[in-house]
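To start, the structure itself, in structure tokens.
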Amino acid sequence: MREDTVEVNIDLFSAEDKEKITIDFAENVNNIGGLKLSYTVTMGEQPLELDGSAYTLTFGTYTETAAEVVFNVKISYTVNGVAGEQEYIYTLYIKDTREFQIVNGTFDNDLTGWTLSNSQLGAVNADKTYWNENVPFNADGKFFNAYSFGDSGKDAFEGAMGTLTSSVFKIGGSGWFTYKLGGAKNADKVFLDVIEKDTGAILERFYNNAFFDDNSQTAVRGCTLLAYKADLSAHVGKTVYIRLSDNAKNDYGLFFADSFVTYYESAEEVAEVPNTATSVPHPDNIYQIYNGGFDSGLLGWYAETTDNQGGEFGVLSEVENETWGVNNQPYNNDGNFFKNGHEPSKGYLQSNSFTVSENGWLTFKLGGNNALSYVAILNADTGEELARFVNKNFVGDWDNNKGWEMHAYKVNLAESGISAGTEVRIKVVDDAFENYGVVVVDSFATHAEEPGEHFEKIDKVTTE
């Protein structure tokens, strides 16, 4: 009459009812003869009060290590006037991994648990394919779709920039997590960061390292979601969040995301996931500027010519102690630097986003006309200019080599009205064709404390 010993595994993360479970002990009994059965159940030495054959267990406090709850079930019956009994053991293995899991990693509840900084980046939907060729997205139901504005039916804007941020979770278990990612072709501009909550430390940065170009004409293309596994075992115990950042305007300067699972008890559970995420260079924390000194070329920067009458905007110089003018005046560069030496061109250079710290100190080197070229601080999502700084020491004197050399400055973003925690970008602008219509910059860096006297403090200028 009885079934074999019954074992049930419960994780409160995925349980529909996270407060209690009702067990019907009759469900595990094959009563072929339709006998009248009575049930006596004990948990440990404690008899339980049943509702017929059912018992409701209220959950206590559990951890990622499963707690064993054992029920001894006795079934009593009578056959042809003869009393009989059988017993079986019903065991619950209960654990709670909620602190290790992000909320709504599947996007099945739309953006619940996620923060989208710029609605122009996209929305959650369940599209199956893209382009006229009907290339599969390879999503698991709903997903974050960088081509969608949700129910409006309009396409999102690839040139939009911003972030998508998860809920907070603790790294536990094996330290592995899995997800699906599409787009995000260039690791220096579109990427996934794992960030420590309390310190802002960027623990790891990943991108779509298995990217397939759309020109491949295969079933898997540039926007197709690819399955990844990533190893965070070195950071077990830390409380973190995931942030996807889009700092690009083109060349798959967008991302698609789905199926985040941030807890696996063992590494063997992710063995079949085809792609291993590759960690890439990144700042130590969210308050720092990526490649602010141009030591890695223009990685993390976006340059655009806005008006061209004789040359593209800007070049990266890798010449140490480079000079300009008839008297070989030094640029005062610190290794690599950026310069727009083409007076017939206008344009701008824009950085990846970073977070303004509590003290908000920023240093940089700047040369060029103080009326026609400048360093601006932009809201990272909207592009609104929040502050502008100019070359206070500009003197236009070609004969004495004054005008293109850089001067070292420090500015306080907090004093400039930019609140701590604001996501911003640096924008270097050259808006002139002549009269020292150039801009030369180097050595952008943020600081927790006020930099020394080597830097001259300047204030933002009004643009009205």
Only Cα pairs under 8 Å and at least 6 apart count here; give the relative contact order of the chain as a rounded whole percent. 12
Counting other Cβ atoms within 10 Å, which trypsin sites (Lys or Arg not before Pro) in region 190-277 have at most 13 and lie in a DSSP loop? 197
Taking 263, 62, 290 and counting other beta carbon atoms within 10 angstrom, the fewest-first order is 62, 290, 263
Charge dipole of the chain about the Cα centre (unit charges at C-beta), most positive-ward option of 32, 441, 345: 345
Over region 6-96, what relative contact order in percent results from Cα pairs under 8 Å that are six or more residues apart? 39
Tell me the label-point distance for the pair residue 38, residue 7, using the 7 Å Cα-to-Cβ offset, in nm and rounded to one decimal. 3.3
Extent of region 14-77 along each principal axis, from alpha carbon coordinates, in Å, largest to smallest? 42, 27, 19
Ordered by fewest other Cβ atoms within 10 Å, a rough proxy for footprinting exposure, 51, 140, 193, 246 read 51, 140, 193, 246
Just in region 60-146: which trypsin sites (Lys or Arg not before Pro) are loop by DSSP and have at most 15 other Cβ atoms within 10 Å? 128
Of all DSSP beta bridges with both partners in the chain, the antiparallel percent, nearest 5, is 90
Between residue 72 and residue 26, what length comes free when the chain is fully extended (0.36 nm per residue of separation minus the Cα-Cα distance, one decimal in nm)? 15.2 nm
Stokes-Einstein at 20 °C, 1.002 mPa s, Kirkwood radius from Cα pairs: D for the chain in µm² s⁻¹? 82
At residue 265 and residue 250, where each label point lies 7 Å from the Cα along Cα→Cβ, what is the point-to-point distance in nanometres? 5.1
Ordered by number, the GluC sites (Glu not before Pro) in region 88-187 that occupy a DSSP loop and have at most 16 other Cβ atoms within 10 Å are 133
Label point 7 Å out from residue 456 along Cα-to-Cβ: which residues of region 333-373 have amide N under 14 Å? 364-371
What are the radius of gyration and Dmax of region 301-457, computed over its Cα atoms and given in Å? 15.2, 46
Which percentage, to the nearest 5, of the DSSP beta bridges contained in region 99-276 is antiparallel? 95
Please list, in order, the residues from region 352-369 whose amide nitrogen is less than 12 Å from a point placed 7 Å along the Cα→Cβ vector of residue 445. 362-365
For region 104-199, with equal point scatterers placed on the C-alpha atoms only and solvent neglected, what are the log10 I(q)/I(0) values from the Debye formula at q = 0.17, 0.22 1/Å, to two decimals? -0.87, -1.41
Can you give me the long-range amide H partners of residue 102? Hydrogens built in the peptide plane at 1.01 Å from N, cutoff under 5 Å, separation of 5 or more residues or another chain. 262
About its Cα centre, region 301-457 carries a charge dipole, from +1 on Lys and Arg Cβ atoms and -1 on Asp and Glu Cβ atoms, whose size in debye to the nearest 20 is 140
Listing 165, 239, 22 from the residue with the fewest other Cβ atoms within 10 Å to the one with the most, what is the order? 22, 239, 165
Distance between Cα centroids, region 357-417 to region 256-335: provide it in whole Å. 21
Cβ charges +1 (Lys, Arg) and -1 (Asp, Glu), total dipole of the chain, debye: 280
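Any read-out appearing in this document is the output of simple, stated calculations on the displayed coordinates, not a laboratory observation. These numbers were taken from a predicted model, which means no experiment stands behind them. Note: ideal-geometry Cβ built from the backbone for every residue, glycine included; neighbour counts use all protein chains shown.
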